[in-house]
Amino acid sequence: MGIKIKQSKSGLYTSFIILAFICIIFLAPFFFMLVSSLKPGQELISKGLTWKMNFDMMSLNNYKILFFQDNRYLIWYKNSLIITALYTILSLFFSSLVGYGLAVYNFKGKRLIFFTVLLVMMVPLEILLLPLYRLMITLHLMDSYLGVVLPFAVSPFAVFFFRQYIIGLPKDLIEAARIDGCNEFKIYFKIIAPLMKPAFGAMFILLALTSWNSFVWPLIVLRTTENLTLPIGLASLITPYGNNYDMLMPGAVMSVIPVAIIFLLNQRAFIEGLTAGSVKQ
Amino acid sequence: MMVFDRVNTKARVKRIYNTINSERVMPYIFVLPFIIIFLLFFLYPIISAVIMSFQDIRGPGDVTFIGFKNYINLLNPHYYSALRVSFLYTFLTIAILIPFPLILAVLLNNKFLRGRNIFRSALFLPALTSVIVAGMFFRYAFGTQPTALFNQIIGIFGLGPITWLQGRHSGMLALVVLCVWRWTGVNIVYFLSGLQSIPRELYESADIDGANGLQKFLKITIPSLKPVIIFVITISVFGGFSMFAESFAYWTSRSPGDIGLTLVSYIYQTGFNYNNFGFAAAIGVTLLIIIMIINVIQLNIFGFFKKD
């Protein structure tokens, strides 16, 4: 007995050391980004990202440029915030409605629609880039917030998630409300939606993160500098001719910090949103 | 007469309201947003991609039908490179991103381990970065200069410096490193949730039978995690074949010797840099076929697993 406990203890130490080592490696990029954001951009280009710390080179000068001298960064930040908010709200609203419809009613074509939701999940949007781009031109949605958001306003993943969640809710609530004379919309908004708060929380975080970091589609839709989102704006700074390199690293750092704070405060919702999709049968 | 009319309209409005509010009509109103988005932004683009792939598109209005010519033109070294990069990248990321996070998740799934929540959060943090932000770090860490981070590291062992982002193998390595850094924490979360749903009694009865740690891992942990592993493989295949942003973060849309050219970067390059929409659509259609074939194979394997 005594031996067994000793063994598991040394096992614990080994696990701890392995994990601590790997965590340090995984966190190192954040540290180097932070250090590099304090050095002049020219140094980053001429020497690469280096671990040498010369403290006399470091200053908050880059952050001054970012927030006070070059106004592009704040504009991109604002665009990212608006697009993320717009996408998240639209997508939560529509996806939960669709999920509710699929969970509560029996109707002709229900299986077909559910199958289609799964099918859409299986096809990467990258395949649709060109035809969608042409469609955006036809609909005059190029270079607009709505153009970024609208094609994905119903997230099949969220529909799937909400459907599963609503199936798990007690159905007699709905029957009782019907007998009381509530109409179908009222049942959804007054009775079911309030019960879905945890589900909304989990999806909110997942959808907002996806939108905040999304790259491929906004890259195609957004054209003018004033309309870019953060990832596209940052990518646009890397040009062989420009001398915008001062903004690169601090810009990257500042785009991660708010997300990291939200994550650290709401870890449980993050993890629920993520694991919602994995098959647990 | 007036009064009669008013009653009549009221009744009619009431009847319409009742029809709409019935369980026959309402479900369609609820799912309508999906149907509209699906038809307009999914089905229509897919059909038009297939049509475009048989056309030579020079500009709006200047379109000629050219049969399978775009598909025949796919038989070129660039397309082969793109296929090679996409397949290899998908294969390598799966080969690393299943066992590595799985082992870490098993280590983390121990109640007596100190700081397990901190470890889990730390490993998850990279998943919060966008590909561009992460790519920005790795792009300059993989710099060609001897002072760049990865050259400094291999310098300790007396190697290098290497021009990382200009070689075929080192370029692929850089892509895989970026992906592993961003995804390890996510897969750990998946595996942990799977591990936590394995009934403890299974391990206890194995203990009584005198099974060692490795035996328990192979005979209990892995089989119980099969659904999660299949799920992770599915999303990894999906992510692997649609990879583009990582390559864009390193090389924008053109890389030396096509070392970063994936199927999607090839679509982007021919479509948006060379305005050759028909040809780009043909690449997209082949990518769609590849993904569908892999999906079908996976569903079969999944069914196969279900039987035993």
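Taking 20 °C and 1.002 mPa s as the conditions, I'd like the Stokes-Einstein D for segment B:45-97 in µm²/s, using the Kirkwood hydrodynamic radius from alpha carbon pairs.
The diffusion coefficient I find is 160 µm²/s.
Give the whole-number value, in cubic angstrom per residue, of the convex hull volume spanned by the C-alpha atoms of segment B:72-307.
That works out to 152 Å³ per residue.
Of the residues B:ASP56, B:ASP209, B:ASP258, which exhibits the maximal mean-square fluctuation in a Gaussian network model of chain B defined by a 10 Å Cα contact cut-off?
Result for chain B, Cα springs under 10 Å: B:ASP209 fluctuates most.
Using only atoms on other chains, find how many Cβ atoms lie within 10 Å of each Cβ of peptide A:14-21 and report the average.
Taking the mean over all residues of the peptide, I get 5.
Given the pairs A:LYS190/B:LYS10; A:LYS108/B:LYS14; A:LYS52/B:LYS111; A:LYS9/A:LYS52; A:LYS110/A:LYS197, which are separated by over 30 angstrom at their Cα positions?
As for pairs spanning more than 30 Å Cα to Cα, those are A:LYS52/B:LYS111; A:LYS9/A:LYS52.
Please list the radius of gyration and Dmax for segment A:140-202, considering alpha-carbon atoms only, with Å as the unit.
When restricted to the Cα atoms of segment A:140-202, Rg and Dmax are 15.8, 49 Å.
Excluding B:ASN151 itself, calculate the net charge of residues whose Cβ lies under 15 Å from the Cβ of B:ASN151, where each Lys or Arg counts +1 and each Asp or Glu counts -1.
+3
Ignoring solvent entirely, what values of log10 I(q)/I(0) come out of the Debye formula for segment A:1-155 at 0.09, 0.19 Å⁻¹ when each Cα is a single scatterer?
-0.69, -1.16
When you look at the Cβ of every residue in A:42-52, what mean number of other chain Cβ atoms sits within 10 Å?
Per residue, the average neighbour count from other chains is 6.
Using only helices, what value at 222 nm comes out for chain B when you add -39,500 (n - 2.57) per DSSP H run of length 4 or more and divide by the total residues, to the nearest 500 deg cm²/dmol?
-21500 deg cm²/dmol
Take the Cα atoms of segment B:2-52, build their convex hull, and give its volume per residue in Å³.
In segment B:2-52, the Cα convex hull volume per residue is 100 Å³.
On a full-extension model of 0.36 nm per residue, what is the gain between A:LEU81 and A:LYS108, subtracting their alpha-carbon distance, rounded to one decimal in nm?
My answer for the length gained is 5.7 nm.
Given springs between every Cα pair under 10 Å in a Gaussian network model of chain A, which of A:ILE205, A:ILE187, A:ILE166 has the largest fluctuation?
Highest fluctuation of the listed residues: A:ILE187.
Tilt of helix A:197-213 relative to the longest C-alpha principal axis of chain A, in degrees (0 to 90, nearest 10)?
With rounding to tens, the tilt is 40 degrees.
Based on the Cα coordinates of segment B:228-308, what is the per residue volume of their convex hull in Å³?
Here the figure is 91 Å³ per residue.
Given C-alpha coordinates of segment B:59-166, what is the ratio Rg to Rh with the Kirkwood estimate of Rh?
1.17
Please give the length that would be gained between A:LEU173 and A:MET57 if that part of the chain were fully extended, namely 0.36 nm times their separation in residues minus their C-alpha to C-alpha distance (nm, one decimal).
Difference between extended and current length: 35.2 nm.
Across all directions of projection, what mean area in square nanometres is found for the Cα convex hull of segment A:65-275?
So the Cα hull casts an average projection of 14.5 nm².
Over the Cα atoms of the protein assembly as shown, what is the Rg over Rh ratio if Rh follows Kirkwood?
Rg/Rh: 1.00.
Mean-square fluctuation check for chain A, GNM, Cα pairs under 10 Å: which of A:ALA235, A:ALA103, A:ALA176 is largest?
Looking only at A:ALA235, A:ALA103, A:ALA176, the biggest GNM fluctuation is shown by A:ALA176.
Could you tell me which chymotrypsin sites (Phe, Trp or Tyr not before Pro) in segment B:53-99 are loop residues by DSSP with no more than 11 other beta carbons within 10 angstrom of their beta carbon?
B:PHE68
If you take all C-alpha pairs in segment A:2-61, what percent of them are over 15 Å apart?
The proportion of pairs with Cα distances above 15 Å equals 62 percent.
How about segment A:1-71: which chymotrypsin sites (Phe, Trp or Tyr not before Pro) there are in a DSSP loop, with at most 16 other Cβ atoms within 10 Å of their Cβ?
Filter output for segment A:1-71: A:TRP51.
Kyte-Doolittle mean at least 0.5 and Cα extent at least 30 Å along the axis: which DSSP H helices of chain B qualify?
What comes out of the filter, once short or polar helices are dropped, is B:168-196, B:277-307.
No value in this document is a laboratory result; all are computed from the given coordinates. Computed from a predicted structure; not experimentally measured. Note that each Cβ is placed from the backbone with ideal geometry, even for glycine, and that neighbours are counted across all protein chains shown.
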